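Throughout, read-outs are computed from the coordinates displayed, never taken from laboratory work. Being a predicted model, the structure only gives us computed values, none of them experimental. In this analysis, Cβ positions are derived from the backbone assuming ideal geometry, glycine residues included, and neighbour counts consider all displayed protein chains.
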Amino acid sequence: MDKLNSILVVIDPADESRHVVVKAMVVARHFGASVELFLCESESAFALRHTYDRTGVAEAKRTCLANAQRYVDAVRRSLAEDVPITTHVACESPLCEAIVDRVREARPDLVIKSASGHRSPDSFTLDANDWQLARTCPVPLMLTRGRPWSPEGRFAAAIDVADPAGIQMPRAVMQTAGFLALGCKGELDVIYSEKEAPGSPGAQQRREALSSLVQEFGVGRERRTILQGEAEDTLPEYAARQGYDVMVLGALAHQAGVSPQIGTLTGRLIDSLDCDFVLVKPEAIAKPAANRFCSAVA
């Protein structure tokens with residue numbers, strides 16, 4: 001991510017906390033971006049698609065869209081007028097496909113959606129729709145929880161410079177994290193877990209790679225932390241203690257011979273932490289340029 005001119009906000013009438021809209025407005029103000037409120041009645045669409053008697057389906061869909069439009073218009077009227085806001089409604093299923101279709105049409109730079117799933121006392125597991133959206137969304141995806149952000153804005157980038165798939169994913173994560181942290185005037189922690197002993201040649205090589213990456217995309221106020229051990233074991237516990245507002249992660253992991261999947265570390269962090277997440281893919285990356293972040297958010 002190297003620009004943020006427009007944000008697609010997925011809203012849900014069943015989510016009464018409105019935290020997703022509030023956070024989208026905060027980000028939009030920092031970047032001078034516009035916001036589109038998008039409501040998709042996917043459950044109604046699913047029911048209509050599987051109705052045995054097709055009589056009246058078209059009229060039912062029109063009524064569904066009209067009701068959805070009234071709802072987003074009410075949300076729109078409740079918001080301040082310092083951010084350009086448009087609305088769009090749909091009646092399509094499944095929800096993840098409808099969101100991706102709208103992204104391809106509207107071409108936003110960021111999608112913000114309230115995380116959906118099952119909450120237990122110790123974890124929060126995303127539902128199948130959000131996992132699929134994480135895999136298929138063509139732009140960075142922010143999944144939000146209910147916890148408000150701190151005034152200073154605490155961002156974290158989970159980096160894996162040992163990724164056998166190459167440097168593209170960590171570069172995409174670092175670029176997006178640096179861009180968002182600087183634009184939101186927040187703090188940024190860059191976190192990496194090293195499996196080998198600190199003095200080993202491989203560990204030293206990866207430490208240098210991390211330093212180079214931070215220097216390439218850093219915002220000047222970042223803090224580097226190298227944990228010792230498997231990232232799946234060390235990073236969730238460390239991040240929970242830090243109380244981050246937003247964590248930026250790679251959305252996908254690649255294994256030889258299979259299609260991209262959600263990585264184990266990403267899944268563990270999403271399940272165990274109550275912060276918001278920005279999921280990125282290497283395809284979103286652009287070559288760095290001098291003073292990119294400063295000019296991008298001016």
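Quote the FRET efficiency, to the nearest 0.05, computed for ARG147 versus VAL57 with a Förster distance R0 of 41 Å and r equal to the Cβ-Cβ distance. The computed FRET efficiency comes out at 0.50. Protection proxy ranking for 269-279, 73-83, 223-233, using the average of other Cβ atoms within 10 Å per residue and placing the highest first: 269-279, 223-233, 73-83. Taking every Cα-Cα distance in the range 141-229 and sorting them into 5 Å bins starting at zero, the pair-distance distribution P(r) comes out as 3, 14, 24, 23, 17, 11, 6, 3, 0 percent.
With bins 5 Å wide beginning at 0, the percent of Cα pairs of the range 1-145 falling in each bin runs 2, 9, 18, 21, 20, 14, 9, 4, 1, 0.
If you take the alpha carbon atoms of the range 74-209 and fit the smallest convex hull around them, that volume is 181 Å³ per residue.
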